[in-house]
Every structure is written in structure tokens, then in C-alpha cells.
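Engineer: Mind looking over this structure? Questions follow.
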Amino acid sequence: MKISQRTKKRLGTSLIYFVLIVVAVVMIFPLYWTFVTAFKEPRDAFTFPPKYIPYLQFKPSLFAFKDIGLLPSAEGSGTHSATAILGTLRNSIVIAVGSTVVSVVLGSLAAYALWNFRFRRWKNKDIAFFILSQRMLPPIALVIPYFILYSRLHLLDTVLGMIIAHTVASAPFVVWIMKSFFNSIPKELIDSARIDGCSHFSALWRIVLPLSLPGLAATSVFTTIFSWNELLFAITLTFNKARTFPALVAGLTHGSAALWWDISAMLLISMVPVFLFTMLFQRYIVSGLTLGAIK
Amino acid sequence: MIKGAKIKYSTTQRAEVPLRQGSFLQRMFSDQYSKYYMLVPIIVYFLLIGIFPLIFSFVLSFLNWDVGAGKQITFAGLSNYVELIRDTRFWQTLQNTIIFTAAAVSLETILGFGLALLLNRNLRGQSVFRVLFILPMMATPVAVGYTWRMLYHVTNGPINHMLGLLHLPYVPWLSSSNTALMSVIITDVWQWTPFIFIILLAGLRSLPKEPYEAAAVDGASSIQTFFYITLPMISSVLAIAILLRLVEAVKIFDILFVMTAGGPGISTESSTMYAKIVGLGQFRLGYGAAIAYALLILSIIFFMILTKVFRTEKEIE
């Protein structure tokens with residue numbers, strides 16, 4: 001039986017769609033599961049057989065959110081307190097924004113310098129390599145000395161200390177991405193501005209940065225997400241006052257039995273901002289990642 | 001603003017202001033040195049916050065510094081390193097890390113590349129798939145760890161439940177030291193395949209069309225097209241994506257900490273986790289620093305080999 005060329009092509013396309021849908025389901029399902037579990041009551045959360053579909057298999061409720069204190073509950077205080085959660089969220093936000101700002105400032109300056117100037121004593125390439133190699137440092141080599149140094153400098157458990165630590169990892173990334181974006185700006189623009197009497201700092205601020213706003217957006221998104229998600233420094237260098245949200249969540253099952261509905265609710269809180277960010281800045285994320293990789 | 005500068009400007013050369021004009025203070029505040037002023041902050045930052053702690057750690061690794069009641073800090077010479085070589089747990093966790101990295105990155109590359117190839121056609125709903133596919137890598141690693149811990153639960157977890165529906169046997173996943181590492185690898189592949197996918201997709205999109213048209217005219221099969229045209233053209237992008245993934249995978253800590261805390265036993269304990277346990281869990285700061293330093297040296301060697309292999313040094317410019 002001869003299959004026509006057109007039918008073969010249709011079959012091929014259908015097969016591709018099938019695979020893509022399967023992959024999409026695999027990608028989404030774990031996130032869906034967490035989402036759904038956050039809205040379950042304790043008796044539905046961890047049952048056999050597991051319950052997948054709200055309204056059909058279980059009644060969704062806001063119990064978990066009340067339990068962790070985010071919503072007022074009639075039964076009095078729940079398992080966790082709202083102040084702990086909101087406090088750590090606030091810390092995470094402040095640290096993320098802080099390290100983003102510092103990284104972007106340091107990184108953009110350095111990227112401009114490396115792109116625009118020729119250094120005589122050390123070659124541009126070597127300076128760039130020095131900066132970028134900081135990214136390849138395993139953080140574990142820094143955590144132990146940081147702990148000792150911070151405890152001497154009273155930076156332990158402070159937001160400032162965390163900002164400093166996160167910037168070490170973020171700034172090289174900023175340099176790399178911004179330099180790629182700067183590459184697409186003709187240097188003649190700077191020259192003509194300078195002939196008109198513009199300093200380099202002005203040129204950077206007024207010309208180069210506005211032209212590379214997508215790059216700024218991409219790097220800011222990345223550094224913010226990185227800082228938000230970061231765990232190793234967070235659990236070793238913070239305890240109570242500067243505790244970040246991932247660190248709080250990480251400590252949840254090391255005590256008593258796992259309250260999966262509570263945990264899922266907290267996971268949602270940590271995931272939702274990042275997802276919103278992703279949806280909004282999707283284009284920038286993709287262009288930022290790819291411009292760094294594709295010259 | 002640039003007083004009395006003699007600007008040599010030709011069509012082949014960029015204007016360069018000669019240095020050392022004016023007095024010391026004039027020069028310091030002029031625009032001439034701005035190229036240094038722009039670079040100095042980040043360099044100083046890294047020297048203070050990156051290099052100095054490393055030197056400090058190096059010194060630490062030669063000390064005996066166990067934080068505890070009444071213990072002195074003594075000079076230990078090489079004894080920390082000797083202990084390191086004899087430490088089976090160190091080698092075991094290193095092996096775990098290597099297996100994890102090799103398996104995870106290979107799978108992520110193959111799957112990510114495959115997905116990118118699949119999506120590189122003009123299909124309807126492409127951008128929807130793209131957004132859905134990159135969601136996993138945006139989730140917090142801590143969240144991913146807990147989520148998969150729920151999924152992997154042996155009796156109540158959805159994965160085993162679905163396996164049961166298909167009449168397949170249950171897998172102990174995280175509760176058995178035979179399968180725990182594999183389970184964690186699967187989780188990492190789930191999270192980071194989108195990373196390779198998105199980079200390769202953009203790379204594939206940016207490839208020129210002419211070679212493909214020429215190949216079609218010459219009657220090349222799709223397999224031939226792939227190996228002789230696609231692969232060579234995409235190789236540098238592929239190399240960078242793999243390199244980026246490798247850099248992150250060897251540092252793996254977050255999902256392991258949350259999913260298994262290194263267990264059962266030490267079957268999912270990574271090198272980073274071991275160094276952290278020794279240094280800041282048992283508070284043997286000297287020995288912990290030695291472990292961390294050994295890992296640092298190994299990482300440096302590993303990455304120098306990688307950059308030689310991939311010849312990506314000029315990409316760093």
C-alpha cells in the first residue's frame with residue numbers, strides 16, 4: 001500500500017505535535033501538582049490514590065494559606081506565623097533588588113570600559129576573563145571564608161552581607177550580557193558625542209544605556225531571579241533577621257512531619273513572582289540568554 | 001570639557017586623547033582616566049570579595065580550626081590534605097557529583113537539542129509551547145525539590161500511582177540508595193532541559209537558510225542534512241550551552257539538600273554538600289576549607305580543560 005507524500009507529511013506533523021504536547025504536559029505537571037496541593041485540605045493532600053482534579057476529586061480550600069498565617073483564620077493562629085513569612089519575603093525582595101542594582105551598576109561600567117577602551121597594561125581579553133572566571137568559582141569555596149569574615153565584621157545575618165555575596169556571582173554575568181548588547185552599538189555614536197563635549201560617563205548614561213535597555217532588562221531579570229532562588233549562602237550566612245524565603249522553605253521538613261499543604265502554599269508563593277516575571281519579560285529573558293550565547 | 005586636547009582623528013583610527021595632560025588633580029578629575037574609573041570598582045570589588053576570601057580560605061586549609069569548647073587554632077601543615085586523600089566520603093561524594101553532572105548534562109543536551117529541532121519549524125502555537133517549555137527552569141530550585149519529593153513519594157506520589165495504572169512496577173525513587181541518584185538526576189533534567197532548549201532554538205533560528213536549500217537541491221536526506229549542515233553550524237552555540245550547564249551542575253546543592261539531604265546514606269550527597277557539612281555543620285573550619293579548596297582546584301582544572309576542548313576563549317571577549 002503506497003502512502004502518498006502528503007499523508008506522510010501529515011502523519012509526521014501530527015507525530016511532532018503529539019510529542020510536543022506530551023513534553024508540555026511533563027513540564028507542566030509537577031507545577032500543576034504543587035498548585036493544586038496548595039489548595040487542598042490536609043486530609044486530601046497526601047492520600048492514596050492521589051487526587052488530581054479540583055472539584056471532581058476534592059474540595060479546594062484555602063486552609064493551607066490560613067494555616068501559614070497569610071489569611072486570617074477563625075481558629076486562631078496556625079502552624080506558622082505571618083510575620084516570619086512576610087519578613088523573609090521582604091528580605092528576599094530587598095536582597096534581590098539590592099544585588100541587582102549593585103551588579104548592574106558595577107557590571108555596566110565595566111562592560112562599557114571593556115567595550116570602549118583599549119587597555120595597555122593588561123589586555124582587554126585578560127581583564128574580561130578575570131571578571132568572567134569569578135562566575136565559575138564554586139560558591140562553596142567562598143562560603144566558609146565568608147562565614148568567618150562576616151562574623152568578624154558583624155555582617156552575619158544582615159541584608160547587606162547577602163547583597164554583597166550575591167553580587168559576586170551576578171556582576172560577571174551583567175558584564176558578559178551587557179558587553180554583547182554594547183557590541184551592537186556603533187562606536188561612532190560615542191565619538192560624535194565626545195566631540196560635542198560629552199564625558200564618558202555622560203555617554204554611557206545618555207546614549208549607550210538607553211540603546212541597550214533590552215539588555216538591562218534581561219540582566220536585571222536574571223540577577224533578580226538568581227538572588228531570589230539562591231540557597232547556599234542564604235542558609236549559611238543568615239539565621240533570623242535576614243533570613244530569605246528559600247532558606248525558610250528549606251527548613252520546613254527538617255523538623256516535624258511534612259505538612260505538604262503548607263509547604264505547597266509556600267512553594268506557590270515563591271514560584272508565582274518568578275513566573276509572573278517570566279511571563280512579562282519573556283522576550284528579554286530569551287534574548288538575554290541567547291545573545292550571550294550567540295555572537 | 002577636555003581642555004586643550006589634541007585629537008588625532010583619521011578615518012581608520014578612533015580618536016584617542018593622549019594621557020598625562022594637566023596637573024595631578026586636573027588629571028584625576030578629568031575625563032581621561034574615566035576608563036579606569038569605570039573598571040576599577042568592579043575589579044576592586046572582586047579583589048576584596050572574591051580573591052581575598054580565596055586566599056583566606058587557602059590559609060585556613062593549613063590550620064586546625066575546630067570550633068568547639070576549648071580547642072585551639074593550631075597550625076596543621078598538610079595534615080588536612082592528607083586526611084582529605086584518605087577520606088572515603090570525600091571521594092564518594094565527588095563520584096556522586098561527577099555521575100550527576102555527566103548524566104544530567106548529557107540528557108539535558110540530547111533532549112534540549114531534540115526539542116529545539118522539533119520546534120524549529122513553522123508550527124502553529126509555537127510560542128505557546130515555547131513559554132510552557134521554559135517554565136521549569138524559572139521555578140525556584142527549592143520549590144522544584146519539594147515538588148518532586150511529593151511526586152516521588154513511594155506510596156502516595158502521583159508518579160508511582162501512574163506507573164501502577166499502566167501496570168508497571170513501583171520504583172522506590174528517593175527511598176532507596178540504588179535509585180535515589182537517578183531520581184535526582186531526572187529532576188535536574190526536568191528543570192534544566194529548557195535551558196539548553198531555549199539557547200539552541202534561538203541558535204537554530206539564526207542559522208542561514210542557503211546551505212539547507214543547497215542540500216535539498218542536492219537531494220540530501222534529513223539525517224545527512226543534520227550531521228553535515230546543522231551540527232557543524234550550531235556547534236559553537238551548543239558548546240557554550242553545555243559549558244554553562246556544566247558550570248552550574250558541578251555546584252549542585254539546592255535540590256539535593258531539599259529532596260534528600262544527601263541520603264539515603266550518602267548516595268545523593270554532592271561535593272558541595274559535603275564541604276558545607278564539614279565546614280559549617282560540624283564546624284571543622286580548617287578541614288572544611290581544605291575540602292572546598294580541593295574542589296576549587298578541581299573545578300579550575302576541569303574548566304581549563306573544557307575551554308581548551310571547546311576553544312571558546314574568544315567567545316569570552
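The values are calculated or read from the model by the stated rules, or taken from the named source; none is laboratory data. Computed from a prediction, not measured in an experiment: that's the story for all the values here. Note: ideal-geometry Cβ built from the backbone for every residue, glycine included; neighbour counts use all protein chains shown.
Engineer: Please return the ranges of helices (runs of 4 or more DSSP H) entirely within segment A:179-272 where 2 or more residues are of a type in the set (Val, Ile, Thr) and surrounded by 23 or more Cβ atoms within 10 Å (Cβ to Cβ).
Structural biologist: A:213-229
Engineer: Further question: Conditions first: (1) outside any helix (DSSP H, G or I); (2) at pLDDT 85 or above. B:Lys71 passes all but one, so which condition is the exception?
Structural biologist: For B:Lys71, the exception is condition (2).
Engineer: Got a number for residues in segment B:183-206 being among the polar types (S, T, N, Q) and at the interface with chain A (Cβ under 8 Å from one of its Cβ atoms)?
Structural biologist: Going through segment B:183-206 one residue at a time, the tally reaches 1.
Engineer: On to the next question. For segment B:44-88, give me each residue that is among the polar types (S, T, N, Q) and over 30 Å from the mean Cα position of the chain (by Cα).
Structural biologist: Selection gives B:Asn64, B:Gln72, B:Thr74, B:Ser79.
Engineer: Just for helices (runs of 4 or more DSSP H) wholly inside segment B:217-259: which have at least 2 residues that are facing chain A (nearest Cβ under 10 Å), in contact (Cβ under 8 Å) with a residue 60 or more places away in the chain and closer than 30 Å to B:Ser271 by Cβ?
Structural biologist: Answer list for segment B:217-259: B:231-249, B:254-259.
Engineer: Do we have A:Tyr17 as surrounded by 14 or more Cβ atoms within 10 Å (Cβ to Cβ), in a loop (DSSP other than H, G, I, E, B), at pLDDT 75 or above and at the interface with chain B (Cβ under 8 Å from one of its Cβ atoms) here?
Structural biologist: The answer is no for A:Tyr17.
Engineer: To continue, here is another question. Residue by residue through segment B:154-167, note down the ones that are more than 7 Å from chain A (Cβ to nearest Cβ) and over 11 Å from A:Trp33 (Cβ atoms).
Structural biologist: B:Val154, B:Asn160, B:Met162, B:Leu163, B:Gly164, B:Leu165, B:Leu166, B:His167 - these are the residues of segment B:154-167 that are more than 7 Å from chain A (Cβ to nearest Cβ) and over 11 Å from A:Trp33 (Cβ atoms).
Engineer: Being at the interface with chain A (Cβ under 9 Å from one of its Cβ atoms) and surrounded by fewer than 24 Cβ atoms within 10 Å (Cβ to Cβ) is the filter here; which residues of segment B:279-292 pass it?
Structural biologist: Result: B:Leu280, single match.
Engineer: Hey, among the residues in segment A:100-147 that are among the hydroxyl-bearing types (Ser, Thr, Tyr), touching a residue at least 60 places away in the same chain (Cβ under 8 Å) and more than 7 Å from chain B (Cβ to nearest Cβ), which one's surrounded by the fewest Cβ atoms within 10 Å (Cβ to Cβ)?
Structural biologist: The selected residue is A:Thr100.
Engineer: Can you find a residue that is in contact (Cβ under 8 Å) with a residue 12 or more places away in the chain and part of a helix (DSSP H, G or I) anywhere in segment B:261-270?
Structural biologist: No, segment B:261-270 contains no residue that is in contact (Cβ under 8 Å) with a residue 12 or more places away in the chain and part of a helix (DSSP H, G or I).
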